[in-house]
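Below is one structure; the comments refer to it alone.
The values are calculated or read from the model by the stated rules, or taken from the named source; none is laboratory data. Quick caveat: nothing in here was measured; it's all calculated off a predicted structure. Neighbour counts run over all protein chains shown; Cβ positions are idealised from the backbone, glycine included. Side chains are part of the model used for accessible areas, which takes the heavy atoms of the whole protein and leaves out ligands, DNA and RNA. Shrake-Rupley method; radii C 1.70, N 1.55, O 1.52, S 1.80 Å.
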Amino acid sequence: MTKSKWMTILGATACGLILSISVVAQQGAATQTATQPRFTQSSVALVDVGHIISQNASIDTKMAEINEKYAKLLQDSMKDRQELTQMREKLSTYDRNSDIYRETEQQMLSRAGELESKQLMLIKQATEERLQLFNSVYTTVMNYSQAMASRFGMSIVLNYDRTNLLEQVPLLPNPQQYEAFFSQYAQTVASRPVVWANKKTVDLTALVLNEIQKADPSTIRKANTTVKAQAARTNTAVGTQATAPAVAPATR
């Protein structure tokens with residue numbers, strides 16, 4: 001699942017004063033290994049929630065299970081509409097002014113209302129299950145962000161988008177889609193709450209993602225789509241490198 005799929009439902013409107021934080025990031029050749037940030041007093045940290053969710057393999061599987069479940073239920077409910085077709089065919093054989101015509105018509109309309117209500121409830125239930133799944137994933141990100149930020153003495157975590165600006169426009173099947181594409185892109189970029197930040201000093205995304213994947217390896221994607229591993233950096237402020245301790249999510 002690409003990050004752009006979630007961007008329309010993710011965002012933040014907070015703002016704050018970003019002071020200096022020194023973050024040491026050490027990543028292995030095969031996996032990202034988070035290191036403990038060293039920082040001076042600060043109030044704000046940043047986490048790219050969309051990126052973390054895009055790396056969650058389990059959400060794809062669980063969402064597919066929900067979709068498959070309700071697709072079957074909706075397909076079964078469509079079979080019930082064959083009953084309406086039969087009633088409509090029978091209705092055409094009756095005299096429009098007869099009692100049996102009016103009685104059958106009333107039964108058909110009543111049955112149609114029941115089937116529409118049933119389909120509406122199925123769609124509502126499917127949406128509720130999707131919402132609960134998404135809320136569960138988002139809450140996990142929020143709890144680990146809270147735990148990590150609290151450990152480093154930060155009082156607020158902003159959701160921000162690390163995605164680079166587009167340099168090319170994708171090929172769209174319909175020429176009329178380009179206007180909507182541009183409008184949505186411009187609105188999304190212009191509404192980013194964080195215009196610029198020093199990722200080396202305030203970005204906790206890799207640390208939070210690492211802790212989530214350590215706690216639940218089933219969320220790790222087989223195909224690695226995270227940033228490429230880089231050589232360990234030395235914190236020039238303190239002249240040390242340290243490995244980040246395991247962080248448990250805050251309980252709510």
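Do the conditions hold for LEU165, that is, is it open to solvent by 70 Å² or more (accessible area, probe 1.4 Å) and either touching a residue at least 60 places away in the same chain (Cβ under 8 Å) or more than 18 Å from GLY50 (Cβ to Cβ) (or both)? Full working, then the answer.
Details: open to solvent by 70 Å² or more (accessible area, probe 1.4 Å): yes; either touching a residue at least 60 places away in the same chain (Cβ under 8 Å) or more than 18 Å from GLY50 (Cβ to Cβ) (or both): no.
In short, no.
For the range 100-122, indicate whether the set of residues that are of a type in the set (Phe, Trp, Tyr) and either under 24 Å from the mean Cα position of the chain (by Cα) or loosely packed, with under 11 Cβ neighbours inside 10 Å (or both) is non-empty. First the steps, then the outcome.
Of the residues in the range 100-122, the ones of a type in the set (Phe, Trp, Tyr) are 101.
From what's left, either under 24 Å from the mean Cα position of the chain (by Cα) or loosely packed, with under 11 Cβ neighbours inside 10 Å (or both): none.
Scanning the range 100-122, I find no residue that is of a type in the set (Phe, Trp, Tyr) and either under 24 Å from the mean Cα position of the chain (by Cα) or loosely packed, with under 11 Cβ neighbours inside 10 Å (or both), so the answer is no.
Just to check your reading of the model, which residue among PRO193, PRO170, PRO175 is open to solvent by 70 Å² or more (accessible area, probe 1.4 Å) and either assigned to a loop (DSSP other than H, G, I, E, B) or within 28 Å of SER145 (Cβ to Cβ) (or both)?
Values: PRO193 fails: open to solvent by 70 Å² or more (accessible area, probe 1.4 Å); PRO170 fails: open to solvent by 70 Å² or more (accessible area, probe 1.4 Å).
Among PRO193, PRO170, PRO175, only PRO175 is open to solvent by 70 Å² or more (accessible area, probe 1.4 Å) and either assigned to a loop (DSSP other than H, G, I, E, B) or within 28 Å of SER145 (Cβ to Cβ) (or both).
Hey, does the range 64-77 have a residue that's at pLDDT 90 or above and among the β-branched types (Val, Ile, Thr)? Explain how you work it out, then say what you get.
Here is the first cut: in the range 64-77, the residues at pLDDT 90 or above are 64-70.
Filter again for among the β-branched types (Val, Ile, Thr), leaving 66.
Yes - at least one qualifying residue is present in the range 64-77.
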Legend entry - Pairs with Cβ under 8 Å, 6+ apart, first in the range 183-211 and among the hydroxyl-bearing types (Ser, Thr, Tyr), second in a helix (DSSP H, G or I): THR188/MET7; THR205/HIS51; THR205/ILE52
Legend entry - Test: residue in the range 123-132 that is among the hydroxyl-bearing types (Ser, Thr, Tyr), out of contact with any strand residue (DSSP E or B) (no Cβ under 9 Å at 6 or more places or on another chain) and under 30 Å from ILE212 (Cβ atoms): yes
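A quick yes/no check of all residues on (1) outside any helix (DSSP H, G or I); (2) closer than 23 Å to THR205 by Cα; (3) open to solvent by less than 60 Å² (accessible area, probe 1.4 Å); (4) out of contact with any Cys (no Cβ under 8 Å at 6 or more places or on another chain):
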| site | (1), (2), (3), (4) |
| --- | --- |
| LEU84 | no, no, yes, yes |
| ASP95 | yes, no, no, yes |
| ALA126 | no, no, yes, yes |
| PHE134 | no, yes, yes, yes |
